[in-house]
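Engineer: Got a structure for you, written out below as structure tokens; questions coming shortly.
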Amino acid sequence: MKEINKYIDTVFCPQDEVLTDTVESIRENGMPAISVSSSSGKLLTMLVSISGAKNVLEIGALGGYSGICLARGFTGEGNLTSLELEDSYAELAHRNLTKASFGDQVTYMTGEALKNLQLLIDGQKRFDFFFIDADKGNYENYLNCCLQLAEPGAVIVADNVLAGGSVVGGTESRSHTEVMKKFNSYVASHPKLESLLIPTGDGLTVSIVKV
């Protein structure tokens, strides 16, 4: 996986200054280096662009790397709502998106994601693209909330679904290995979704909400 991803990133994803600075800011602020890979970020940009999404919901902002990639997919107008547990993370993410010229297109909601998702549901908000990249134990709960917020035909993407390759065995099990196995099976068999696992980065499940 590491060698394949390194090859893909090198050939298809030359790092640009904005994303390089974002990664550096995350390091400087002592935050975990767990942003999406270069290829996963580029795929997010392409998926938002291809789907024509205008209202994107991100669960897990960290320092804004994935938020920049999502916002880059907008063709003109578009709005990103980002849920982040930590206030300081959301503040850094907003600074980085502002530097990338997307500061006016993003809104941050801090605190527990499930509580904020319920607020969005109660407010009858609707989204046409979702990106899940937060605490793994709640992935199924996040997915179910996304389905309540989804427009017909919406795209739902979830990161880290390969758990470092451990979901297929042959490598050291991680704390979220079994959780990801269960989540992948749940997504694959969900009656409201058409899904596929894309083995780039640490794995992305890409799902379309059936009309």
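Engineer: Working from the alpha-carbon coordinates of the chain, get Rg over Rh, Rh being the Kirkwood radius.
Structural biologist: Reported Rg/Rh (Cα atoms, Kirkwood Rh): 0.93.
Engineer: Hey, another quick one. For segment 26-107, what is the per residue volume of the convex hull drawn over the alpha-carbon atoms, in cubic angstrom?
Structural biologist: 80
Engineer: Sort the following peptides by mean Cβ neighbour count (other Cβ atoms within 10 Å, averaged over residues), highest first: 153-160, 140-147.
Structural biologist: Ranked from most to least packed, the peptides come out as 153-160, 140-147.
Engineer: Could you check which residue among LEU97, LEU119, LEU193 shows the biggest mean-square fluctuation in a GNM of the chain with a 10 Å Cα cutoff?
Structural biologist: Taking springs between Cα atoms under 10 Å, the residue moving most is LEU119.
Engineer: Taking the Cα centre of segment 72-211 as origin and charging only Cβ (+1 Lys, Arg; -1 Asp, Glu), how large is the dipole, in debye to the nearest 20?
Structural biologist: Its charge dipole is roughly 320 debye.
Engineer: Just need the relative contact order of segment 1-109 here, percent rounded to a whole number, with Cα pairs under 8 Å and 6+ apart. Could the numbers behind the result be given before it?
Structural biologist: Details: 153 pairs, mean separation 25.7, N = 109.
That works out to 24 percent.
Engineer: Under a straight-distance cross-link criterion of Cα-Cα below 21 Å, which lysines are reachable from LYS125, leaving out those fewer than 8 residues away in the same chain?
Structural biologist: Of all the lysines, those that pass the test against LYS125 - Cα under 21 Å, at least 8 places apart if same chain - are LYS54, LYS115, LYS192, LYS210.
Engineer: Also: Can you list the residues, at least 5 places off or on another chain, whose amide H is less than 5 Å from the amide H of LEU193, using H built in the peptide plane?
Structural biologist: Long-range HN contacts for LEU193: LYS210.
Engineer: Grab the alpha carbons of segment 104-211, take their convex hull, and tell me the volume per residue in Å³.
Structural biologist: Per-residue hull volume (Cα only) is 111 Å³.
Engineer: Right, here's the next one. For PHE130, enumerate residues with amide H under 5 Å from its amide H, sequence gap 5+ or separate chain, H modeled in the peptide plane.
Structural biologist: LEU57, VAL155, ILE156, VAL157
Engineer: What percent does the relative contact order of the chain come to when contacts are Cα pairs within less than 8 Å and at least six residues apart?
Structural biologist: Rounded, it is 17 percent for the chain.
Engineer: Summing -39500 (n - 2.57) over the DSSP H runs of n ≥ 4 in the chain and dividing by its residue number, what mean residue ellipticity at 222 nm do you reach, to the nearest 500 deg cm²/dmol? Each step should come with its number before you reach the end.
Structural biologist: Details: 8 runs with 91 residues, N = 211.
The helix contribution divided over the chain gives -13000 deg cm²/dmol.
Read-outs throughout are calculated quantities, based only on the coordinates presented, and are distinct from any laboratory measurement. Predicted, not measured: the structure shown is a model, and the values here were computed from it. Reconstructed Cβ throughout: ideal geometry from the backbone, glycine too, with neighbour counts over all protein chains shown.
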